[in-house]
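Structure first, then comments.
The values are calculated or read from the model by the stated rules, or taken from the named source; none is laboratory data. A quick note: this is a predicted structure, and the numbers were derived from the prediction, not measured. Cβ coordinates were reconstructed from backbone atoms using ideal geometry, including for glycine residues, and neighbour counts include every protein chain displayed. Side chains included, ligands, DNA and RNA excluded: accessible areas come from the protein's heavy atoms. Shrake-Rupley method; radii C 1.70, N 1.55, O 1.52, S 1.80 Å.
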Amino acid sequence: MTRIVVTAKVGPDGVLHLTLPLETADANRDVRVTVEPVPGPVPAAEEWRQAVLATAGKWQGDFERPPQGEYEEREPLS
């Protein structure tokens with residue numbers, strides 16, 4: 001039997017119903033079902049824009065650069 005990948009959505013009742021396209025030669029055989037959540041969709045451009053706008057101007061405080069220390073002197077390359 002070959003591997004079949006089916007993507008399905010869990011219903012609002014929390015129950016997953018699957019219909020699998022199997023050959024009659026595969027009838028009366030045990031199968032294994034692995035549940036693996038599918039990653040969510042990439043946010044649309046407008047959702048991304050709204051998220052950026054929601055954070056814009058929220059920083060309170062000063063930006064400061066801490067001391068960087070002394071520059072390391074190295075021998076010149078020949």
Being more than 17 Å from the chain's Cα centre (by Cα) and more than 17 Å from residue 3 (Cβ to Cβ) is the filter; apply it to the range 29-49 and report the residue that is least open to solvent (accessible area, probe 1.4 Å).
46
Keeping to the range 42-78, report how many residues are of a type outside the set (Lys, Arg) and assigned to a helix (DSSP H, G or I).
10
Based on what the data block shows, is residue 52 open to solvent by less than 80 Å² (accessible area, probe 1.4 Å), among the hydrophobic types (A, V, I, L, M, F, W, C) and out of contact with any Lys or Arg (no Cβ under 9 Å at 6 or more places or on another chain)?
yes
Which condition does residue 22 not pass, out of (1) within 29 Å of the chain's Cα centre (by Cα); (2) surrounded by 10 or more Cβ atoms within 10 Å (Cβ to Cβ); (3) not polar (S, T, N, Q), if it passes all the others?
(1)
Go through the range 1-19 residue by residue and tally those that are β-branched (Val, Ile, Thr) and either surrounded by 10 or more Cβ atoms within 10 Å (Cβ to Cβ) or at positive phi (or both).
2
Identify all residues within the range 1-35 that are at pLDDT below 85 and of a type in the set (D, E, K, R); write none if there are none.
3, 23, 26, 29, 30, 32
